[in-house]
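Only one structure is covered here, and it is reproduced in the block below.
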Amino acid sequence: MKLLSTKATCNSHGQDSSYFLGWEEYEKNPYDNVHNPKGIIQMGLAENQLSFDLLESWLAKNPDAAGFKSGGKSIFRELALFQDYHGLPSFKTALVDFMAEIRGNKVTFDPDHIVLTAGSTSANETLMFCLAEKGEAFLLPTPYYPGFDRDLKWRTGVEIVPIQCNSSNNFQVTEQALQQAYQEAQNRNLKVKGVMVTNPSNPLGTTMSKSELNLLVDFIEENKDMHLISDEIYSGTVFTSPSFISVMEILKDRNSFKNSKAADEIKERVHVVYSLSKDLGLPGFRVGAIYSENDTVVAAATKMSSFGLISSQTQYLLSAMLGDKKFTKNYLAENLKRLKKRQTKLVSGLQKAGINCLESNAGLFCWVDMRHLLHSNTFEAEMELWKKIVYQVGLNISPGSSCHCNEPGWFRVCFANMSEETLKLAMKRLKAFVVESTGVTTRSTSQSKRKSVLTKWVFRLSSRGDHRDQQEER
């Protein structure tokens, strides 16, 4: 007789992925500039720690919000008592206004169509429960966030079929790749219930083009029983052109020149996931949301949200923060400046080590090309390189295979979860590893050596001249 359920004893959680194993190794030997300077530097965690001072400054200036007061009077009792799963109206309004602000107010969101969840993990899983049965499938472009193997599949039983994208066109989604994925699902006797994308992309750090988004909307328009989920949790991290285009903008544009009835029908099959974990750097607050124009989905997701609610205290605090339009405007602008500056430092450091990466414009990471460091064009070689970087170099980065990339040698490297000094040290370690591994001196190193040799040569000439002058004076 089985003591535990199949769910409790199965190995489908994805915890054995190299993505999570890297975290485990970091936790065993975490870098600390004082207590463990030779430890592993965490570059596999997509956290935004660059703008905490802006949040802390706001909290200091608004003690009533942090102290759960309104008009100087405590509302702790009110917030501590039972709240239903619909959420605080003030927070839902502040959240949809913030989402619109990020999108340049090109689109608006109705607070009655938003469902609050305990982070985007809960939001994505809830949508799977609402849109698909066990054994049905969603198509996802590769590479994709490794956690989706857990979030979308583990408890729901939904399958993921990859849309295989490659570096030849910077991993953009093509009609051919989309149709091939659909055909693969049919060959596996899987009913496809839709497509899911992250925009901006995790792990690529790029935004989807208007043509890609239109391709996906066209696809679900042709297939009346399919949905499109756009995970837009990095929408506020687009620090350079091209600008971010939300799928909601695509729907708005199509609605203006297409049959309105048909456009409304498509809108009911397009759903947006959002969170404050990345844009506001608050993953510990567990604030996520589903936005849908489908009343049945909203009603079902709202009921399911009772399994993962956002605390009333969190909602109250953030409704005050997001309702401060002067603060949000300044925060969004300053945060983007800091992200751009930090991303530039990472790219520069990689280039000095002889490593390039995909040109990116968003996110908290870069998609780094280390194919030239593989001893063979295989995923086995990728894992060997990854282990060396984790154990010998002391950097936890995420191998492309954990993101289901179909080309060995790509890695996701995060840059916003550490100090600038730690990033410099990480690049110094990586540069030394590349020189040692390849025997090839990087350009910056060779330039430095040439400069050093030239300096010594000039010094010797100068010394000889000074010596002759001294002899003549005698």
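Phi angles across region 75-80 convert, under the Karplus curve 6.51 cos²θ - 1.76 cosθ + 1.60 with θ = phi - 60°, into 3J(HN,Hα) values of 10, 4, 4, 4, 6, 6 Hz, Gly and Pro given as x. Computed over protein heavy atoms with a 1.4 Å probe, the accessible surface of the chain works out to 48 Å² per residue.
Taking one quarter of the surface of the convex hull spanned by the alpha-carbon atoms of region 196-246 gives a direction-averaged projected area of 3.4 nm². Between E384 and K337, the contour length at 0.36 nm per residue exceeds the Cα-Cα span by 13.3 nm. The fraction of all Cα pairs in region 87-143 landing in successive 5 Å bins from 0 to the largest distance is 4, 15, 18, 19, 19, 14, 9, 3, given as whole percents.
Of all DSSP beta bridges confined to the chain, the antiparallel ones make up roughly 50%.
The calculated FRET efficiency for the pair K73 and Q180, based on their C-beta separation and a Förster distance of 56 Å, comes to about 0.35. For the chain, with equal point scatterers placed on the C-alpha atoms only and solvent neglected, what are the log10 I(q)/I(0) values from the Debye formula at q = 0.11, 0.12, 0.14 1/Å, to two decimals? Normalising to I(0) and taking log10 leaves -0.95, -1.12, -1.45. If you look at the Cα atoms of region 130-266, you get an Rg and a Dmax of 14.8, 42 Å.
Projecting the Cα positions of I114, T142, T126 onto the charge dipole of region 103-154 (unit charges on Cβ atoms of Lys, Arg, Asp and Glu, taken about the Cα centre) puts T142 furthest along the positive direction. Each Lys and Arg Cβ is given +1 and each Asp and Glu Cβ -1; about its Cα centre, the chain then shows a dipole of about 1620 debye. Note on surface exposure: F129, F239 rank F129, F239 by accessible area, highest first, 1.4 Å probe.
Between A100 and D53, the distance separating the two model label sites (each 7 Å from Cα on the Cα→Cβ line) works out to 3.3 nm. Remark: accessible surface ordering of H113, H271, H375 (largest first) is H375, H113, H271, probe radius 1.4 Å. Overall, region 273-411 carries a charge dipole of about 720 debye about its Cα centre when +1 sits on the Cβ of Lys and Arg and -1 on the Cβ of Asp and Glu, all other atoms neutral.
When all protein chains stay in place and ligands, DNA and RNA are ignored, the 1.4 Å accessible-area order of W410, W154, largest first, is W154, W410. Put a dot 7 Å past the Cα of E268, heading toward its Cβ, do the same for S209, and the two dots end up 3.3 nm apart. Applied to region 275-280, the Karplus parametrisation 6.51 cos²θ - 1.76 cosθ + 1.60 on θ = phi - 60° returns per-residue 3J(HN,Hα) values of 7, 9, 5, 9, 5, 9 Hz, with x for Gly and Pro. Were the residues from K61 through T438 laid out at 0.36 nm apart, the gain over their Cα-Cα distance would be 130.4 nm. For the chain, list the cysteines whose Cβ sits under 4.7 Å from no other cysteine Cβ? Lacking a cysteine Cβ partner under 4.7 Å: C10, C130, C165, C403, C405, C414. Apply the a/c threshold of 1.5 to the C-alpha gyration tensor of region 1-73 and tell me whether it is rounded, prolate or oblate. Oblate. Between amide H atoms placed 1.01 Å from N, distances below 5 Å from G194 occur with L139, H227, all of them 5 or more places distant or on a separate chain. Of the residues S70, A94, A80, the one whose Cα sits farthest towards the positive end of the charge dipole of region 23-96 is S70 (charges of +1 on Lys and Arg Cβ, -1 on Asp and Glu Cβ, taken about the Cα centre). Dipole of the chain computed with +1 at Lys/Arg Cβ and -1 at Asp/Glu Cβ about the Cα centre; of N417, Q315, T438, farthest Cα towards the positive end is T438.
Compute the FRET efficiency between E359 and F129 as 1/(1 + (r/R0)^6), taking r as their Cβ-Cβ distance and R0 = 41 Å, and round to the nearest 0.05. Efficiency computed from Cβ-Cβ geometry: 0.65. Charges only on Cβ, +1 for Lys and Arg, -1 for Asp and Glu: so what's the dipole of region 77-122 about the Cα centre, in debye to the nearest 20? The dipole magnitude comes to about 140 debye. Pairs exceeding a 22 Å alpha-carbon distance, out of K92/K134; K278/K325; K352/K424; K278/K340; K38/K341: K92/K134; K38/K341. When the solvent-accessible area of region 161-304 is split by element, carbon and sulfur atoms take up 47 percent of it, the probe being 1.4 Å.
Rounded to the nearest whole Hz, the Karplus-based 3J(HN,Hα) values (6.51 cos²θ - 1.76 cosθ + 1.60, θ = phi - 60°) of region 339-346 follow the sequence 5, 4, 4, 5, 4, 4, 5, 5, with x at glycine and proline.
Placing a pseudo-label 7 Å from each Cα along the Cα-to-Cβ vector at N33 and D16 gives an inter-label distance of 4.0 nm. Take the Cα coordinates of region 249-345, assign each an equal point scatterer, and use the Debye formula without solvent to give log10 I(q)/I(0) at q = 0.14 Å⁻¹. After summing over all Cα pairs, the log10 values are -0.80. Less than 5 angstrom separates the built amide H of N356 from those of D369, all sequence-distant by 5 or more or on a different chain. So, counting K/R as plus one and D/E as minus one, what does the shell of residues with Cβ under 14 Å around C10 add up to? Here the count lands on +4.
The values are calculated or read from the model by the stated rules, or taken from the named source; none is laboratory data. Keep in mind it's a predicted model, so treat the numbers as computed, not measured. Cβ sites come from the backbone with ideal geometry, for glycine too, and all protein chains shown count toward neighbours. Just the protein is used for accessible areas: all its heavy atoms, side chains included, with ligands, DNA and RNA removed. Shrake-Rupley method; radii C 1.70, N 1.55, O 1.52, S 1.80 Å.
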